[in-house]
Amino acid sequence: MNILAIDTSNQAMGVAVLKDGRPLGEFMTNIKKNHSERLMPAIVHLMHEVNMTPVDLDRIVVAKGPGSYTGVRIGLTTAKSMAWSLDIPVTGVSSLEVLAWQGRFYDSYICPFFDARRGLVYTGLYRWQEGILVPVADERNIVMDDWLHKLANMQQEVLFVSPDMQLHQERILEQMGSRAVIPHGTCNVANPSHLALAGQQKSPDDTHMLAPNYLRLAEAEAKWLKKQKEDK
């Protein structure tokens, strides 16, 4: 099975091509640049490098959020459009789940998170069991201090992974102490090949029904709904 994976859900943009579970190539950047202008050129370049054309693809896997509202939409729109035009399946995978794959050789709890501003984070809790990444707690948008309090009460060691680690590392260590395991460098950035592997294990989604996983409404939408409620 030939899989193209696409992740534009956060600052890092990644694409990867897998053939029967074997990575043929990947392209990833972690810089503040417009994904909408760079995604398709990256896909074209990578496909050319691995000597593959779009008609050779059997499935497309895309990170569906949470993360940047715009970034999530760019990835989903591209993936769904390609899947529809090529008449192949598309599979959406949580961006937090993809990040949790960075702890695939860790035998305790894994907490991936993305900063959501104003003291909030997008987060969840996972653990590897017999080679399968299992969600232990539902993904959520929560105040980081509240989330850390819950984790500290578990009295268990937790691996934290996040591209936004510097923003929250001090608070993590304050509340979790020695039970917090904090990696450095590339461990905190999602890998597009992991996205492909995660999607390979899941059933395809309905191309037209696949929707973003924002975990919360965009601020403009929330204000609009609040106004509609007040007007009534």
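The values are calculated or read from the model by the stated rules, or taken from the named source; none is laboratory data. Note that the structure is a prediction, hence the values are computed from the model and not measured. For neighbour counting, all protein chains shown are included, and Cβ atoms are generated from backbone atoms with ideal geometry for every residue, glycine included. To get the accessible areas, we keep the full protein, side chains included, count just its heavy atoms, and leave off ligands, DNA and RNA. Shrake-Rupley method; radii C 1.70, N 1.55, O 1.52, S 1.80 Å.
Roughly how many Å² is the accessible area per residue of the chain, as a whole number, for a 1.4 Å probe?
For the chain, the per-residue accessible area is 52 Å².
On a C-alpha basis, how far is the centre of the range 40-99 from the centre of the range 144-206 in Å? Whole number, if you could?
Cα centroid to Cα centroid, the span is 24 Å.
So which of Lys32/Lys64; Lys32/Lys150; Lys33/Lys64 end up more than 23 Å apart by C-alpha?
Violating the 23 Å Cα-Cα cut-off are Lys32/Lys150.
For Val61, list long-range residues whose amide hydrogen, built 1.01 Å from N in the peptide plane, is under 5 Å from its own amide hydrogen.
Result for Val61 returns Leu4, Ala5, Ile6, Thr91.
With the crude spin-label approximation of a point 7 Å out along Cα→Cβ, what separation in nm comes out for Asp164 versus Asp58?
That separation, rounded to one decimal, is 3.7 nm.
Roughly how many nanometres apart are two label points built 7 Å out from the Cα toward the Cβ at Ser178 and Ser81?
Output for this residue pair reads 5.4 nm.
Based on the alpha-carbon gyration tensor of the chain and its eigenvalue square roots a ≥ b ≥ c, which shape applies: rounded if a/c is under 1.5, prolate if not and a/b is larger than b/c, or oblate?
Oblate is the answer for the chain, as a/c is 1.5 or above yet b/c matches or exceeds a/b.
Would you mind calculating the relative contact order of the chain from Cα pairs under 8 angstrom and at least 6 residues apart, reporting the percent as a whole number?
23
For Asp206 and Thr70, FRET efficiency with R0 = 22 Å and r from the beta-carbon atoms, rounded to 0.05?
0.40
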